[in-house]
Every structure is written in C-alpha cells, then in structure tokens.
Amino acid sequence: MSSEFRPDRVRLAIMVIRKSGVSKEEFSRYWAEVDGPLFASLDIAKRSLLKYEQGHCNTTVFRSLQAAGMKVVECDGMVVFEAESYEKITEVLRSDEWQKVVVPDAEKFLDFGEAQFLPLDLVTLIDKA
C-alpha cells in the first residue's frame with residue numbers, strides 16, 4: 001500500500017450525541033432502522049456518496065477503556081460519509097433533500113448542536129477488502 005494521500009476518496013466523520021430524554025437503546029434502534037435507511041434512500045446520497053456508515057458506541061468497551069485510563073470521545077456514535085471529493089459531501093449536506101427529509105427526522109433523536117465534524121484526507125496503509 002502507498003503512504004500517499006488518496007486522490008480518489010475523502011471522508012467526513014461526524015460525532016453525534018443523542019437528544020436528551022432518548023435512551024441509548026432507542027437512539028441506536030431508531031438511527032439504524034429508521035433514519036439510516038431514510039437517508040440512504042435519498043437520490044442525492046445515492047448519487048454523491050461512495051459510502052455511508054454508522055458507528056454505534058459500544059458502552060461496555062467504552063467503560064473498559066475509561067477504566068484503563070484511556071481518554072475516550074464522549075459521543076453516542078459516528079457517521080461516516082465517503083465520497084470522491086468534499087464537494088460531493090457538501091452537495092448532500094446543502095441539498096433540499098437533506099434539509100427537508102433528514103434534518104427533521106434526525107432532530108427526533110440527535111442533538112445537532114453537539115455534533116462535531118471531522119474532514120479526513122485518507123492514506124491507506126493496509127486494505128484487506
């Protein structure tokens with residue numbers, strides 16, 4: 001594998017926090033079974049993204065890492081958008097579909113004000129896919 005930045009892929013990771021009053025279980029269920037499929041069905045997402053993944057925080061491992069003295073990110077999950085460019089990801093986030101469909105649904109279980117965005121340029125060193 002090369003140690004150069006990939007010219008064909010970028011990612012945007014978004015650390016998300018569940019809305020106050022929403023249990024961890026309900027958050028994960030709704031996100032995986034309702035909001036995720038809703039987002040994945042959007043034409044803009046299908047057209048612009050190469051990958052959409054959700055990472056749900058594993059509470060048991062989270063606590064084990066804390067107990068071992070490791071600093072862990074305080075969030076309930078992480079969204080990963082992968083595309084050929086940041087412009088493609090931005091198309092999704094600025095689209096009418098995102099604003100009219102995804103945002104109102106996500107506000108049912110996410111605290112948008114607490115989301116943290118991390119744009120990532122990629123260097124692939126191991127790829128067994």
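The values are calculated or read from the model by the stated rules, or taken from the named source; none is laboratory data. All of these numbers come straight from a predicted model, not from anything done at the bench. Backbone-built Cβ (ideal geometry, glycine too); neighbour counts: all protein chains shown.
Observations, loosely collected:
- Taking the criterion of being among the acidic types (D, E), surrounded by 14 or more Cβ atoms within 10 Å (Cβ to Cβ) and within 20 Å of E33 (Cβ to Cβ), the residues of region 98-114 that qualify are D105, D111.
- For region 12-46, a residue qualifies if it is farther than 17 Å from E97 by Cβ, assigned to a helix (DSSP H, G or I), more than 12 Å from the chain's Cα centre (by Cα) and touching a residue at least 40 places away in the same chain (Cβ under 8 Å), and the qualifying residues are K24, E26, F27, S28, Y30.
To keep it simple, each residue is scored yes or no on (1) at pLDDT 95 or above; (2) of a type outside the set (S, T, Y).
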residue: M1; (1), (2): no, yes
residue: L12; (1), (2): yes, yes
residue: S20; (1), (2): yes, no
residue: E33; (1), (2): yes, yes
residue: P37; (1), (2): yes, yes
residue: D43; (1), (2): yes, yes
residue: L50; (1), (2): yes, yes
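- In this entry, S28 passes the filter for residues that are within 15 Å of A106 (Cβ to Cβ), touching a strand residue (DSSP E or B) at 6+ places or on another chain (Cβ under 7 Å) and among the hydroxyl-bearing types (S, T, Y).
- Condition check for A106: of a type in the set (G, A, S) and in contact with a strand residue (DSSP E or B) (Cβ under 8 Å, 6 or more places away or on another chain): no
- Region 47-98, residues that are in a loop (DSSP other than H, G, I, E, B) and more than 24 Å from D121 (Cα to Cα): N58, A68, G69, M70
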